[in-house]
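Before any comments, here is the structure.
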Amino acid sequence: MNILFLSSEVAPFSKSGGLADVAGALPGALARLGHAVKVVTPLYRTVRDERIRGTGLGLTLEFPFGAERVSLHEAHVAPGLDVLFLKHGAFDRDGLYGDGRGEFGDNHRRFALLPVGALSAAQAVGFVPDVVHLNDWQTALAALALRTGYEGTQLGRARSVLTLHNLAYQGNFPASAVGELGLPRELFTPEGGLEFHGQLSFMKAGLVFADALTTVSPTYAREIQTPEGGNGLDGVLRARAQALTGIVNGVDVEAWSPETDAHLPASYSAADLSGKAACKAAALAEFGLAPAPGAPLFVFVTRLAEQKGMDLLLPALEGLLQHHDVRVLGLGTGEYWMEERLVHLAARFPRKMGMRVGYAEALAHRLEAAGDFFLMPSRFEPCGLNQLYSQAYGTVPVVRAVGGLADTVVDLSEEGQGTGIVFREYSGGALWHALERALGLFHSPGLDAVRRRGMAQDFSWERSARAYEWVYRGA
Ligand code: ADP
Ligand code: GLC
């Protein structure tokens, strides 16, 4: 199949979270199955990569707000896999979706430019897709465009598949954006697909107009069809339940394996874990802490957003640091109050905790390798990648049984099968009990067996890619 894959972030070129990891790995796995894949994404100011070249091709996209010139750049990444970059002034800024002052005010234009530009780019390079694979609200308008703008063309025969990575982000804009973008006004009703409580919703348009829907775990696929998990769109999702499939993400083993990871001070494997201790000592030293082989090291690497459960984690960390001989290392950026409280906590326990505010790819790898336990007490989690990486790195995940965390971590109580510590209720008490179980495991002879079971899991992208192939054929 010819697959046109649209994403607003693609590792290693641009990244704010797991979407980039998926868009950086799934297309390659599809190409290895024999498909021809073209990924289309913005050329943000921050994108730096020597593989990227200008193509000399340009597009003019007609919108009511003006005729926008986009030039095409390209990187050949692997056999059967190219990434096309859309270069336009609206993407030439610091930040992908916003900056220190908040979200950009013209995101509705920027993420109309991306999907419309992507379809035009495919035409410009003579690529005729069988499937147009969309990811989240930033590309969702392509589903509508394919239905309304391309009848009778080769593109009009393509099927669209929309993957939902996070329903909490919907791309909702004031109603005035309908006219500004030139969208069909008759569809701006709740039933028509574009209106969500008086606003224009890019995500809803995708949910209604895409030929098939997927999300990044089977449990999240069920959760989003309930009022508790649906972010107001559960009714739309229930109506499309037949079209919705849950497929868990994989691990890009080229980027994330402790045997070959160039970011680590020492490599290791399930057969020989000794390098892991060196990674732990080095990470502690990086944060100015003394070696502590006898104390469990808890790590986290995360966007600091409500989703990630910081309101539970903060008091739990404080309790751990106060009452137990533990170490904590954290990396994250996001909401200011969370950054501030984490930094403050680390300052109160300078010999036990280190906190780095910011986004740091290499450090994320080093922390995954260094930890004894990886903390992920998410309020909700569509899939989650860090718990997969931590298992691959022999770092035992402590997770809440929600979304993809429930689907990818097996609790220790499953005799001989456990790969992590799983708690259910979203409460401080339940997290505390999980942390006590972690302390018990650390001081028990069973720890290495749990690590090794995690490292032996098959989270390969090939398996997920085959599931997507199935969805494409169905569409
Ligand atoms: P989400 O996409 O919701 O943020 P995931 O677990 O799916 O959660 O993916 C997060 C990805 O982003 C992982 O690759 C993780 O290592 C990375 N990441 C998150 N925060 C940071 C950070 N501050 N620095 C470096 N990498 C980060
Ligand atoms: C989103 C979700 C995360 C998921 C990622 C990639 O950012 O929050 O759970 O792993 O997308 O699908």
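None of the figures in this text is laboratory data; all of them are computed from the coordinates on show. Since the structure is predicted, the reported quantities are computational estimates derived from the model, not experimental observations. We place every Cβ from the backbone using ideal geometry, glycine too, and count neighbours over all the protein chains shown.
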Cβ-defined net charge surrounding A364, 15 Å radius [Lys, Arg +1; Asp, Glu -1]: -1
The chain - mean residue ellipticity at 222 nm from DSSP helices (-39,500 (n - 2.57) per run, n ≥ 4, rounded to 500): -11000 deg cm²/dmol
Loop sites in the range 90-188: trypsin sites (Lys or Arg not before Pro), DSSP, at most 16 other Cβ within 10 Å: R93, R101
Inter-label distance for E103 and A175, nm, one decimal - labels placed 7 Å from Cα along Cα-to-Cβ: 1.9 nm
Dipole magnitude of the chain about its Cα centre (Cβ charges: Lys, Arg +1; Asp, Glu -1), debye to nearest 20: 260 debye
Reciprocal mean inverse distance between Cα atoms of the range 10-138 - Kirkwood radius, Å: 15.2 Å
Summed side-chain charge close to D21 - residues other than D21 whose Cβ falls under 12 Å, Lys, Arg +1, Asp, Glu -1: -3
The range 342-470 - Rg (one decimal) and Dmax (whole number), Cα, Å: 15.4, 53
Measure of compaction for the chain (Cα Rg per 2.2 N^0.38 Å): 0.99
Additional length obtainable on full extension of the chain from Q457 to T148, 0.36 nm per residue less Cα span: 106.8 nm
Net charge, F85 excluded, C-beta distance under 13 Å - Lys, Arg +1, Asp, Glu -1: +1
Candidate aspartates and glutamates for bridging to K204, where Cα separation is under 14 Å - those fewer than 8 sequence places away on the same chain excluded: D136, E191, E195, D234
Shape call, the range 407-448: gyration tensor on alpha carbons, a/c limit 1.5: oblate
In the range 114-203, GluC sites (Glu not before Pro) in a DSSP loop with at most 14 other beta-carbon atoms within 10 Å: E151, E191
Reachable lysines, given that their alpha-carbon falls under 17 Å from the alpha-carbon of K280 and they are not under 8 places away in the same chain: K352
Charge-dipole axis of the range 135-189 as Lys and Arg at +1 and Asp and Glu at -1 on Cβ define it, positive-most pick from G156, L146, L167: G156
Spin-label model distance (nm) - A67 vs W337, 7 Å beyond Cα toward Cβ: 5.0 nm
Cα-based shape type of the range 312-392, given that a ≥ b ≥ c are square roots of the gyration tensor eigenvalues and the cut on a/c is 1.5: rounded
Diffusion coefficient, µm² s⁻¹, Stokes-Einstein with Kirkwood Rh over alpha-carbon pairs of the range 270-363 at 4 °C and 1.567 mPa s: 94 µm²/s
Sparse-neighbour loop sites [trypsin sites (Lys or Arg not before Pro); the range 327-362; at most 11 other C-beta within 10 Å; DSSP]: R351
Residues E425 and H324, FRET efficiency given R0 of 25 Å [Cβ-Cβ distance, rounded to 0.05]: 0.70
Computed over the chain: relative contact order in percent, which uses C-alpha pairs under 8 Å that are six or more apart: 12 percent
Options L113, G66, T46, ranked by Cα towards positive dipole end of the range 29-146, top entry (Cβ charges): T46
Folded to 0 to 90 degrees: helix 107-124 orientation relative to the chain principal axis, Cα: 70 degrees
Overall form of the range 115-231 per C-alpha gyration tensor (a/c, 1.5; a/b vs b/c): oblate
Computed label-point distance, nm, for sites A168 and T189 using a 7 Å Cα→Cβ extension: 3.4 nm
